[in-house]
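Enquirer: Pasting in a structure now, in structure tokens, and then I'll have a few things to ask.
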Amino acid sequence: EAPLRAPWAEWLVHQSGVNAIVVRGPDRGGLFTIFTAGDDQSISRLSVAFPTAGDGSPTTQSWSRVLSAHVTSIRDLALIPEGVVSISKGQWLKVWREVAPADALKKWADGGLAADDTATAFERRQREFMRMR
């Protein structure tokens, strides 16, 4: 086995610490989907094609991020068939599904509206409280 020497590819996907990573794939087109979550309260989704030959670098097909996916840092992610589940330090569990276009994530509840659009009154109050601190 060859030792790890240098990154094959690298992406900056969060503004602060990353707490979770899950990978799905490859899909029928050979793409891998990488979800990450972190202290910046966001979820990133990266769609990557890895070369099948020995040469070449992975290529990014799409990248998206849900800002303010939670009001506290996201502690973990789990894959489900149509998306991903996230859990935060603030004790909220949210289910997200992938929707067209391929670079989007939507909150499963509330008819698939964007997460920021579906914030409950309590979540909005939590955000206000966190901003005041």
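The values are calculated or read from the model by the stated rules, or taken from the named source; none is laboratory data. Everything quoted here is computed from the prediction, not taken from an experiment. As a convention, Cβ positions derive from the backbone with ideal geometry for all residues, glycine included, and neighbour counts pool all protein chains shown. Just the protein is used for accessible areas: all its heavy atoms, side chains included, with ligands, DNA and RNA removed. Shrake-Rupley method; radii C 1.70, N 1.55, O 1.52, S 1.80 Å.
Enquirer: I'm trying to understand the selection: among the residues of the range 42-85, which are touching a helix residue (DSSP H, G or I) at 6+ places or on another chain (Cβ under 7 Å) and part of a loop (DSSP other than H, G, I, E, B)?
Expert: Within the range 42-85, the subset touching a helix residue (DSSP H, G or I) at 6+ places or on another chain (Cβ under 7 Å) is 66, 68-69, 71.
Selection gives S68, A69, V71.
Enquirer: Quick check on my filter: what residues within the range 28-45 are open to solvent by 10 Å² or more (accessible area, probe 1.4 Å) and of a type outside the set (S, T, N, Q)?
Expert: Within the range 28-45, R28, G29, G30, L31, F32, I34, D39, D40, R45 meet the criteria.
Enquirer: May I pose another question? What are the residues in the range 19-33 that are under 25 Å from I87 (Cβ atoms), outside any loop (DSSP other than H, G, I, E, B) and at pLDDT below 95, if any?
Expert: R24, F32, T33
Enquirer: With respect to the numbered conditions (1) among the β-branched types (V, I, T); (2) in contact with a strand residue (DSSP E or B) (Cβ under 8 Å, 6 or more places away or on another chain); (3) open to solvent by 50 Å² or more (accessible area, probe 1.4 Å); (4) modelled with pLDDT under 90, which one is the sole condition not fulfilled by T52?
Expert: Exception for T52: condition (2).
Enquirer: Within the range 27-52, can you find the residues that are among the aliphatic types (A, V, I, L, M) and either over 22 Å from L77 (Cβ atoms) or under 13 Å from the mean Cα position of the chain (by Cα) (or both)?
Expert: Once the filter is applied, which keeps residues that are among the aliphatic types (A, V, I, L, M) and either over 22 Å from L77 (Cβ atoms) or under 13 Å from the mean Cα position of the chain (by Cα) (or both), the range 27-52 yields I34, A37, I43, L46.
Enquirer: Go through the range 1-26 and give me each residue that's farther than 18 Å from L77 by Cα and surrounded by fewer than 11 Cβ atoms within 10 Å (Cβ to Cβ).
Expert: Within the range 1-26, E1, A2, P3, L4, R5, A6, P7, A9, E10, L12 meet the criteria.
Enquirer: Something else: Restricting to the range 61-99, name every residue that is open to solvent by 40 Å² or more (accessible area, probe 1.4 Å) and either among the charged types (D, E, K, R) or more than 19 Å from V23 (Cα to Cα) (or both).
Expert: Result: R65, L67, S68, R75, D76, E82, K89, Q91, W92, L93, R97, E98.
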